Structures are given as structure tokens and as C-alpha cells.
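What follows is a single structure, written as C-alpha cells, with notes after it.
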Amino acid sequence: MLSKEIEKALNSQITIEAESSQVYLAMASWAETQGFEGVAAFMYAHSDEERMHMLKLVKFVNERGGHAKIATLKAPPISFGSFKEMFQTLFDHEVMVSASINELVHISLQERDYATHNFLQWYVAEQIEEEALARTILDKINLIGDDKGGLYLFDNDVKLLTVTSSVDPNA
Ligand code: FEO
């Protein structure tokens, strides 16, 4: 059984993951309108991945006798200025998500909820991967700057960089 405190914290994380999915969907749509199909495909996949992160939490909360509450989401930005700006936003967003997961881990220990603590280790591993990937992309885009040819090649390259979970989400 989940304590009220941990149920509330897990529900907040559900909202964060759902909002992440929306932010990356908005990025995908914006990139598509700019003609960058590789970046758009990467962002659509990332958006799906975040929805999976959310669903995994929803199922866990309900399985443990809590109630996963599906909340209103903040509207994501519509446009992102430049690819550099967009990938910086993505990186900053993932750093924020990692901090939130760390806080959840802290609460699970305070509450002596070792089942939730164990469950959260998947997210801890996932955040290491997501932050590393976001940093790699940001480094590349910072090298390219606004060079059109470089951005064209980057759009092709990014198709090969897929967001994949470090651990089977159904495990
Ligand atoms: Fe689910 Fe990218 O954090």
C-alpha cells in the first residue's frame, strides 16, 4: 500500500512525464514544419517514450492500491526559435526530470517504501541515458551553429540516434 505522501509524489511525476511527452510532441511538430524530418522523427519517438514512462507510473500506482490521477497539462511552447535553442530546452527539461526522480527516490526512503524505491531504479537508469543523449546532441548542434549544410547532415544523423529505454519497461 502506498502512503499518501508517496502517492502524491508519484502522481506529480505522472504529470511531469505526460508534460514531457507534450513538449517533445510540440518539438516534433515544429521540426516537421521546418522540413527537418530526421529531427521530427527523433522527437516523435521521444514523445512516445515519455508517454510510456507515464503509463508505467500509472500502472504502478494503481497496482499498489493508489489512484493514478490524470491531470490537466501545461501547454508546451509552439515554436522553438532555433534547433540549438530547442535541444537546449530538451537538455534542461531532462535535467529537471532527473531532479524530480531524485526527489522521489528520497521520499521513498523517508517513507521506508522499498518497493517504490526499487521501482524507481528503472527511472534513475533511464535518466542517466536520456541526459547523456541530450548532451551528445547538444554538443553536436553547438559545433554546427547555424551552418545550413551542417544542419542538413545533422538531420540525417539524428535519425540514427534513437531514444531507447535502458531496461525493459514491462519487466
Ligand atoms: Fe521521462 Fe525524459 O524523462
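Could you please give the count of residues in region 120-171 that are open to solvent by 30 Å² or more (accessible area, probe 1.4 Å), within 16 Å of the ligand (Cβ to nearest atom) and modelled with pLDDT of 85 or more?
Residues that pass the stated criteria total 10.
Conditions (1) in a helix (DSSP H, G or I); (2) away from the ligand (no atom under 16 Å from the Cβ); (3) open to solvent by less than 40 Å² (accessible area, probe 1.4 Å), marked per residue:
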site	(1), (2), (3)
S12	yes, no, no
V23	yes, no, yes
V39	yes, yes, yes
V61	yes, no, yes
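Find the residue count for region 97-109, including only residues that are touching a residue at least 24 places away in the same chain (Cβ under 8 Å) and open to solvent by 10 Å² or more (accessible area, probe 1.4 Å).
4
The values are calculated or read from the model by the stated rules, or taken from the named source; none is laboratory data. Everything quoted here is computed from the prediction, not taken from an experiment. Neighbour counts run over all protein chains shown; Cβ positions are idealised from the backbone, glycine included. Accessible surface areas use protein heavy atoms only, side chains included; no ligands, DNA or RNA. Shrake-Rupley method; radii C 1.70, N 1.55, O 1.52, S 1.80 Å.
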